[in-house]
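Q: Sharing a structure with you now.
The values are calculated or read from the model by the stated rules, or taken from the named source; none is laboratory data. Note that the coordinates shown come from a computational prediction; the quantities given were computed from them, not determined experimentally. Glycine also receives a Cβ, built like all others from the backbone with ideal geometry; neighbour counts cover every protein chain displayed.
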């Protein structure tokens, strides 16, 4: 068993990041589901779909939920899922965060959440040409 990964993002972001990460790693080592919030989505329907995906992913080791923008619809949907048990939510999804998570599939939920945070933060660098 391992931690499940649920990515809830605005339309197109999650699939693009997951596709790029799995291309770079040649695999997706965690059981992963994607949910996209389109401009015209029904938040209640998205919440129902998120709950269904959470149940599919739950093998007993917990679920890491990654969202793209704190305070937005995907993030708000994720916040409702935290009441469902062994769930951790990290907002601010970026490619370095996702690659870091996928590189450590053996970690427990708490450790994996910390890897997501460090991967996201460490991947933000200002390049100075001076």
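Q: Restricting attention to region 56-71, report how many residues are assigned to a loop (DSSP other than H, G, I, E, B) and in contact (Cβ under 8 Å) with a residue 40 or more places away in the chain. So that I can check it myself, show each step before the final result.
A: Keep residues of region 56-71 that are assigned to a loop (DSSP other than H, G, I, E, B), which gives 58-62, 68-71.
Applying the additional criterion that residues be in contact (Cβ under 8 Å) with a residue 40 or more places away in the chain yields 58-62, 68-69.
Result for region 56-71: 7.
Q: Out of all the residues in region 72-105, which are within 23 Å of residue 19 (Cβ to Cβ) and either over 13 Å from the mean Cα position of the chain (by Cα) or not in a helix (DSSP H, G or I) (or both)?
A: 72, 73, 89, 90, 91, 92, 93, 94, 103, 104, 105
Q: Please specify each residue of region 74-104 satisfying the condition of being out of contact with any helix residue (DSSP H, G or I) (no Cβ under 8 Å at 6 or more places or on another chain) and within 14 Å of residue 62 (Cα to Cα).
A: Once the filter is applied, which keeps residues that are out of contact with any helix residue (DSSP H, G or I) (no Cβ under 8 Å at 6 or more places or on another chain) and within 14 Å of residue 62 (Cα to Cα), region 74-104 yields 82, 83, 85.
Q: Anything in region 79-101 that is at pLDDT 95 or above and touching a strand residue (DSSP E or B) at 6+ places or on another chain (Cβ under 6 Å)? List them, or say none.
A: 87, 88, 89, 90, 91, 93
Q: Right, here's the next one. Given the conditions (1) buried (at least 16 other Cβ atoms within 10 Å of the Cβ); (2) on the phi < 0 side of the Ramachandran plot, which single one is not true for residue 62?
A: It fails just one condition, (2).
Q: Just a yes or no: is a residue in region 36-55 on the phi < 0 side of the Ramachandran plot, at pLDDT 95 or above and not in a helix (DSSP H, G or I)?
A: no
Q: Taking the condition of being touching a helix residue (DSSP H, G or I) at 6+ places or on another chain (Cβ under 6 Å) and not in a helix (DSSP H, G or I), how many residues in region 1-28 meet it?
A: 7
Matching residues to (1) touching a strand residue (DSSP E or B) at 6+ places or on another chain (Cβ under 6 Å); (2) surrounded by 17 or more Cβ atoms within 10 Å (Cβ to Cβ); (3) in contact (Cβ under 8 Å) with a residue 24 or more places away in the chain; (4) under 20 Å from residue 10 (Cα atoms):
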| site | (1), (2), (3), (4) |
| --- | --- |
| 31 | yes, yes, yes, no |
| 38 | no, no, yes, yes |
| 48 | no, no, no, yes |
| 52 | no, no, no, yes |
| 103 | no, no, yes, no |
| 113 | yes, yes, yes, no |
| 120 | no, yes, yes, yes |
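Q: While we're here: Please work out if residue 22 is free of Cβ contacts under 8 Å to residues at least 60 places away in the same chain, surrounded by 12 or more Cβ atoms within 10 Å (Cβ to Cβ) and at negative phi.
A: Taking the combined requirement at face value, the residue does not satisfy it.
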